Amino acid sequence: MRKQSDQRPEPSATPRLWTYEAALSAVPYLRAVVGSLREHWLHVRSVRRQIRRLDSRPGRPDRQTLIRRALAVQELDHADAQLEETFDELKAIDVFCLDPAQGLALIPFGKGDELAWYVFDLFSPQGLEAWRFHGDPLEMRRPLEQNAA
């Protein structure tokens, strides 16, 4: 699984720049993909926690524990593969996950001569909640009204 810091685009990569209209029309698709990404990410964390709990039991593991651990490792491999596929699906359309747990993704667009990002929020009724410049701190959210398309 990718670390969260690896989920931001590299500055040297030139992503496809979206228009506001294209980003708006992609909101239903992004809801589905980012929702799947969140579910897969939570599942990976859950299975990892299950493996840690099995490993932290005192004493030698019995046969049932060894079987449960082997099944959990297989499930983790499958869940990791699903998570990676979903990340790749977003990457293919030049959308980048900011925080899978919160359902946040960044959609690149041009603001004058600068790179900027629409902030997609899975839990927002509108989907596109705000925007930010590439150089802004990650927490920065500018209202969409400040983006005159």
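The values are calculated or read from the model by the stated rules, or taken from the named source; none is laboratory data. Just so it is clear, the structure is predicted and the values come from calculations on it, not from any experiment. When we count neighbours, we look across all protein chains shown, and the Cβ atoms used for this are built from the backbone with ideal geometry, even at glycine. Accessible surface is based on the protein model in full, side chains and every heavy atom, while ligands, DNA and RNA are left aside. Shrake-Rupley method; radii C 1.70, N 1.55, O 1.52, S 1.80 Å.
The label-point distance for VAL27 and LEU66, in a model that sets each label 7 Å from Cα toward Cβ, rounds to 5.5 nm.
Output the relative contact order of the chain, whole-number percent, from Cα pairs under 8 angstrom with separation of 6+ residues. Don't skip to the answer; put the middle values down first.
Working: 177 pairs, mean separation 37.6, N = 149.
The value is 25 percent.
Please find the FRET efficiency linking ARG57 to GLN102, where r is the Cβ-Cβ separation and R0 is fixed at 35 Å, and quote it to the nearest 0.05.
Numbers: r = 32 Å, r/R0 = 0.93.
Computed FRET efficiency for ARG57 and GLN102 comes out at 0.60.
Distances between every pair of Cα atoms in segment 94-149, grouped in 10 Å steps from 0 to the bin holding the largest one, split as 25, 60, 14, 0 percent.
Considering only protein heavy atoms, what per residue accessible area in square angstrom results for the chain with a 1.4 angstrom probe?
Values: 8930 Å² over 149 residues.
Averaged over the residues of the chain, the accessible area is 60 Å².
When the accessible area of the chain is split by element with a 1.4 Å probe, what percent falls to carbon and sulfur?
Numbers: 4620 of 8930 Å².
Its accessible area is 52 percent carbon and sulfur atoms.
Using only Cα atoms and rounding to the nearest 10 degrees, what angle (0 to 90) does helix 27-55 make with the longest principal axis of the chain? Roughly 30 degrees, rounded to the nearest 10.
Sorted from longest to shortest, the spans of the Cα atoms of segment 37-83 along the three principal axes equal 36, 15, 9 Å. Could you tell me which of rounded, prolate or oblate describes the chain, using a ≥ b ≥ c as the square roots of the eigenvalues of the alpha-carbon gyration tensor, with rounded for a/c under 1.5 and, failing that, prolate when a/b is larger than b/c and oblate otherwise? Since a/c reaches 1.5 and a/b is larger than b/c, the shape of the chain is classed as prolate.
Taking Cα centre as origin and charging only the Cβ of basic (Lys, Arg, +1) and acidic (Asp, Glu, -1) residues, the dipole magnitude of segment 22-149 rounds to 920 debye.
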